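Data block below; observations after.
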Amino acid sequence: MLITGAAGRIGTWLRGGLPERGWAVRCLDVVPVTDVRPGEEHLVADITDLAAMLDAAQGAAAVVHMAGISGESTWPAISHANIEGTYCVLEAARRAGVPRVVLASSNHATGYTPRPGSGLLTEADAPPRPDTYYGVAKVTMEALGSLYADRYGLDVVCLRIGSAFAEPTSTRHLSTWLSPADTVSLVDAALKAPSPGFSVVWGVSDNTRRWWDLTVARALGYEPADDAEVYAEALIEAQGEPDLADPVHARVGGEYTLAEFDAENFDPPAPRADIAPGSGVR
Ligand code: 15L
């Protein structure tokens, strides 16, 4: 199984957890992985290089696509890395005969969606409503995945990842956190579910304060083990009780929906020598 963005934060968690769930891991990133583990294969390549991606995908049972810019940036940067990059990953998988692709979508594909008055928000009740150019690229990722599933018969599972960090660091994360262990469980479920076709699921731990529904993810086989609530007391003491009327808590995308996330406030990504691991693109 090929992981793009293997040197990044989520890629590193997956490299740690997927082998014990039976997966042989081929790692791809634009920078070398520094902590090489036994049994791993390694490739250094840019996801927007279709020929390199085609070589990388040969013989893989699946592709887990985690590479790309992991937050808001300029339109040229996002459209190249996150839209062109996703096209190359799917097209390489198709041409190489890889039957399944797991895509790192994001809650920001639906970021302007309001918190429901009551109950949990299902994926079906959160159609595309991006909050940033980053979110637009995630909508496009889901659309490309849908096309490749319908037209070419690939199984494509899109994970609308919440806040995938080692620990929650804000009161929003008390709802949106996806723990490292649950990230591994979710990707493993997306890889193993029998014939998922095209599927879009929220990626969130079983947080007491979550308001994104996990029925579809659980049906895929996801069994979350973590709950951000264990961090609640300390975070609320430091940051105050969340005001659910504040857009940060009242919309799926939180702070990404605020004016400070206007793309003009973002610099283009760092030059190649400084590029962050996991970006998978130059
Ligand atoms: C994401 O998609 C980003 O990659 C991550 O950096 C966080 O901003 C996260 O969403 C979030 O919504 O917390």
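The values are calculated or read from the model by the stated rules, or taken from the named source; none is laboratory data. Remember, predicted model here, so these are calculated numbers, not experimental data. Cβ sites come from the backbone with ideal geometry, for glycine too, and all protein chains shown count toward neighbours. Surface accessibility is based on the protein's heavy atoms, side chains included, excluding ligands, DNA and RNA. Shrake-Rupley method; radii C 1.70, N 1.55, O 1.52, S 1.80 Å.
Here are the numbers for this structure:
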read-out	value
Heavy atoms of F266 accessible to a 1.4 Å probe, total area in Å² rounded to 10	50
Neighbourhood net charge (12 Å Cβ-Cβ; Lys/Arg +1, Asp/Glu -1) for R100	+1
Rh (Kirkwood; distinct C-alpha pairs) - the chain, Å	18.7
Residue order for S118, S170 - accessible surface, 1.4 angstrom probe, largest first	S118, S170
Principal-axis tilt of helix 85-96 within the chain, Cα atoms, nearest 10 degrees	40
The chain - percent relative contact order, Cα under 8 Å, separation 6 or more	23
Region 168-255: relative contact order in percent, alpha carbon pairs under 8 Å with at least 6 residues between	37
D267-A234 pseudo-label distance in nm [points 7 Å out on the Cα-to-Cβ vector]	3.1
Residues of region 183-257: accessible area per residue with a 1.4 Å probe, Å²	44
Rounded percent of accessible protein surface that carbon and sulfur make up, the chain, 1.4 Å probe	52
For the chain, built as a Gaussian network whose Cα springs stay under 10 Å, the top-fluctuating residue of V248, V89, V204	V248
